[in-house]
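Data block below; observations after.
The values are calculated or read from the model by the stated rules, or taken from the named source; none is laboratory data. Just so we're clear, the structure is a prediction, and the values are computed from it rather than from any experiment. Here Cβ is always computed from backbone atoms with ideal geometry, including for glycine, and neighbour counts include all displayed protein chains. Ligands, DNA and RNA are excluded from the accessible area calculation, which covers all protein heavy atoms including side chains. Shrake-Rupley method; radii C 1.70, N 1.55, O 1.52, S 1.80 Å.
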Amino acid sequence: MQVDKNWTPTIVAFCCNWCSYAGADLSGNNRLSYPANVKIIRIPCSCRLNPMFILRAFQRGADGVILCGCHPGDCHYTTGNYYARRRMTLLFSMLDYLGIEKERTRVEWVSAAEGAKFAATMNEFVEAVTALGENKRLEDFRCKQ
Amino acid sequence: MQRIGVFVCWCGSNIAATVDVEAVADALSKEPGVVFATNYQYMCSKSGQDMIREKIKELGLTGVVICSCSPRMHEATFRKTCESAGLNPYMVEIANIREQVSWVHKDKAVGTEKAIILGRAAIAKVQLNTPLIAGQTPVTKRALVIGGGIAGIQTALDIADAGFPVDIVEKNPTIGGKMAQLDKTFPTLDCAACILTPKMVDAGQNENIRILSYSEIEDVKGYIGNFDVKIRRKARYVDEEKCTGCGTCMEKCPMKKVPNEFNMGLDNRTAIYIPFAQAVPKVATIDANYCLKLNTGKCGICSKVCLADAVDYEQKDEILEEKYGAIVVATGFNPISLEKFDEFAYSQSPDVVSSLEFERLMNAAGPTGGTLLRPSDKTHPHTIVFVQCVGSRCDASAEKGKEYCSKICCMYTAKHAMLTREKYPDTEVYVFYIDVRTPGKGFDEFYRRAVEQYNVHYIKGMVGKVVPEGGKLKVQASDLLDNRQIHIDADMVVLAAAIEPDKSARPLATKLTASMDTNDFFTEAHPKLRPVESPTAGIFLSGTCQGPKDIPETVAQAGAAASKVISLLVKDNLVGNPCVAKPDELMCNGCSSCEKVCPYGAITYEDKPFRGPNRTTLIRRVAVVNPAVCQGCGACTVACPSGAMDLLGFSNRQIMAEVDAICK
Ligand SMILES: Cc1cc2nc3c(=O)[nH]c(=O)nc-3n(C[C@H](O)[C@H](O)[C@H](O)COP(=O)(O)OP(=O)(O)OC[C@H]3O[C@@H](n4cnc5c(N)ncnc54)[C@H](O)[C@@H]3O)c2cc1C
Ligand code: SF4
Ligand code: SF4
């Protein structure tokens, strides 16, 4: 397989408004850098993440998708992240079955105080996805162009 | 197609140093729907905001994208700006190119590219934004407090003080709760009645407070600001308005063998009764289970002796319908039943008592007039064994008792031991404990005083068995620190029974759609940040119904709940968050999946007519979201198997448009 030296993965990070989005802001405040491949989409709560969004991302050519939410027990809406955790466990194992490796999907709890954790997580995640190379499994090439 | 204006902010050099703002504006100006794109030093400054306003008016913008700092900083600012220019505030989206770009990516080319992509995602989202209008609901300026213990009383007094009318619904004939039964209270040892009864009188006399005693909640409908509550006023067979509380009826009532619940069944009362002298309201109640007139038709003495003509054997339950803006739950606790703990011989010997019974035996207004006497033979006990943690901190697998710590037992047992030694220095007092837990202001000092000053024997270990034998109670226990078996011939054994929420709390929670934990304590909206609110908007929690608490904590929480209620009731209208869930009625099949995941009980179902084939009308059950209650978490949108539920402001299409823009 030919590997493009300049290739970098496209990563979509869904962050809940109350903890993780604030955590990402904090890593900005503290100038803790992480790769620019990571693009954040703000959602009100991790439980808002419809599996459909993840499938869509992979279809459109994302190479990795990560969901960040409040730590268990700290959800702004009390129980949202528990729903998210259960749903993602199911979805990720199904994706794995479809050939989207487990390393391309991830759930991480990042609090509003964990700017450093946010940056570290993104660094790690981008590295892991880069090692896997491009996602070709679910990509719908009709979408390009 | 929207007419979108894009405003790229430099944030001085915060953004401009590592992002080519001009290139960003330039690239975004070519996006579909964008009619204007510019960059400016400080978008949030007055001149920046003026520019946005001007362009909205000049170009008739229908959507605005601001590439700037985090929306957590200035989303509200820019929404207001747009609103003041006549654009719906929810037609604004922010691309966070400071915290997420210029501050974390040093390379200008890389940063510029990412800023453009984030800008595109925001534009793609704005394309699908719809004007949202926050709903307004009027607030009924009146509160309901359920439960008239110290928690309910304090909450009601504080709300009434702020000038709002409050109703207290108490299921017993009088308010006061458990605190009215206590003798002295830790850590200061002041008498409970001396500090409680003035508050009860205040509540009774406060013109903003109405006490509905001997009443229960029948039904609750509505939502925050607008609850419709049905209250059952149980027949007490005495006219509250006429009864003066003189007590003549109690003297004359021939049915004198009714277990007196206020004294924990340690003595008897009459069928017509006032629970205790300082009861509020001080009104007699006929106990229909025991009244001779009501059961056999013969007697009627109380009616004859009542000078106020207050007795009315024909009285029926009445249903009151009232409106409230806020509801406070203050249903308190009860000690658990000790029947599963018969190793301590509670059912075999009257001299094995619970701690609450012990309070009554020590109380000057109790069955023994405050002299500590054994219930069996009315003699003075010389050796007393206290057992802590009876039914608390139990193993879940043991299938009896509670897993949690009841929190108050260590302190009140120390209190009981100390008071006993003070009053009767000739009494030997033993306390068996697993741990002594006395955090709290002045609490550990209090416990140490029991040990050091009053020579109470504290023994770490559990009592295995209590056997009544020859007038004594043979206590077999182990001393864990000395690793030996202990046998004590006690005259009395006092069990610190675990506490649990009132049994009526669970059905009440269902009526209120308020959630509870597995132990039936009410859960709070957030365990740390919203400790006195229920997840159901407009329902507040006060006192031990939320978890074990002593009086100081109960009062603190009661005040906190009151202040939350007051800040709700001062509002004329509630302005909602318009980013709420919205079901598509045509797609919804009424499956109830959404209702099950909603933490706030915002979803109900209605039967609605739809057009069927051949001009027929079909009635279908569909989900309805109450926007005043929905908090916009989105849990339901994902749970919905038919894809009928969507979230305004974060709709499926909007988020997918962002995904597409990012992955392009
Ligand atoms: C033996 C013992 C000793 C104690 N000693 C101390 C002490 O020394 N110092 C201290 O700080 N704390 C002490 N406590 C703790 C103290 O009693 C509680 O903290 C306090 O009483 C809690 O008040 P509350 O209002 O939450 O509950 P409660 O006093 O239980 O009041 C609840 C009220 O709500 C009513 N109610 C319940 N359900 C409904 C319903 N569905 N509808 C209408 N009304 C309802 C009940 O009838 C009751 O009147 C002691 C507790 C015990 C058991
Ligand atoms: S968005 Fe959340 S709060 Fe609103 S109805 Fe759905 S589950 Fe309930
Ligand atoms: S989950 Fe969806 S289909 Fe089911 S009742 Fe709720 S909105 Fe209707």
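The table for this structure:
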{"item": "Scan of segment B:276-305 for residues that are among the hydrophobic types (A, V, I, L, M, F, W, C), closer than 14 Å to B:Thr174 by Cα and outside any loop (DSSP other than H, G, I, E, B), ordered by number", "result": "B:Ile286"}
{"item": "Whichever residue in segment B:481-511 is over 39 Å from the mean Cα position of the chain (by Cα) and open to solvent by 50 Å² or more (accessible area, probe 1.4 Å) and, among such residues, is nearest to B:Ile384 (Cα to Cα)", "result": "B:Asp489"}
{"item": "Segment B:624-636 - residue that is more than 14 Å from chain A (Cβ to nearest Cβ) and within 9 Å of ligand 2 (Cβ to nearest atom) and, of those, nearest to B:Pro578 (Cα to Cα)", "result": "B:Pro627"}
{"item": "Matching option when the condition is more than 10 Å from ligand 2 (Cβ to nearest atom) and within 14 Å of chain A (Cβ to nearest Cβ), among B:Ala639, B:Ala657", "result": "B:Ala657"}
{"item": "Qualifying residue in segment B:607-625 (condition: touching a helix residue (DSSP H, G or I) at 6+ places or on another chain (Cβ under 6 Å) and within 16 Å of ligand 3 (Cβ to nearest atom))", "result": "yes"}
{"item": "Segment A:124-145, residues that are open to solvent by less than 60 Å² (accessible area, probe 1.4 Å), within 14 Å of another protein chain (Cβ to nearest Cβ) and either within 20 Å of A:Gly23 (Cα to Cα) or among the basic types (Lys, Arg) (or both)", "result": "A:Val126"}
{"item": "Checking B:Cys405 against (1) surrounded by 13 or more Cβ atoms within 10 Å (Cβ to Cβ); (2) out of contact with any Ser or Thr (no Cβ under 9 Å at 6 or more places or on another chain); (3) at pLDDT 95 or above, the condition it does not meet", "result": "(2)"}
{"item": "Output for segment A:27-70, where each listed residue is touching a residue at least 60 places away in the same chain (Cβ under 8 Å), within 8 Å of chain B (Cβ to nearest Cβ) and not in a loop (DSSP other than H, G, I, E, B)", "result": "A:Ser27, A:Gly28, A:Asn29"}
{"item": "Condition met for B:Asp161 (of a type in the set (D, E, K, R) and either without any contact (Cβ under 8 Å) to a residue 24 or more places away in the chain or closer than 30 Å to B:Val570 by Cα (or both))", "result": "yes"}
{"item": "Out of B:Val104, B:Val92, B:Val126, sole residue that is of a type outside the set (Asp, Glu) and under 17 Å from A:Val38 (Cβ atoms)", "result": "B:Val104"}
{"item": "Members of segment B:606-624 that are open to solvent by 20 Å² or more (accessible area, probe 1.4 Å) and either within 16 Å of ligand 1 (Cβ to nearest atom) or not basic (Lys, Arg) (or both)", "result": "B:Glu606, B:Asp607, B:Pro609, B:Phe610, B:Pro613, B:Asn614, B:Thr616, B:Thr617, B:Leu618, B:Ile619, B:Val624"}
{"item": "Tally of residues being part of a helix (DSSP H, G or I), open to solvent by less than 50 Å² (accessible area, probe 1.4 Å) and touching a residue at least 24 places away in the same chain (Cβ under 8 Å) across segment A:84-110", "result": "6"}
{"item": "Conditions (1) surrounded by 15 or more Cβ atoms within 10 Å (Cβ to Cβ); (2) more than 14 Å from the chain's Cα centre (by Cα): number failed by B:Ile539", "result": "(2)"}
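Residue-wise test of (1) within 18 Å of B:Pro501 (Cα to Cα); (2) modelled with pLDDT under 95.
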residue	(1), (2)
B:Pro335	yes, no
B:Phe341	no, yes
B:Val353	no, no
B:Pro381	no, no
B:Val387	no, no
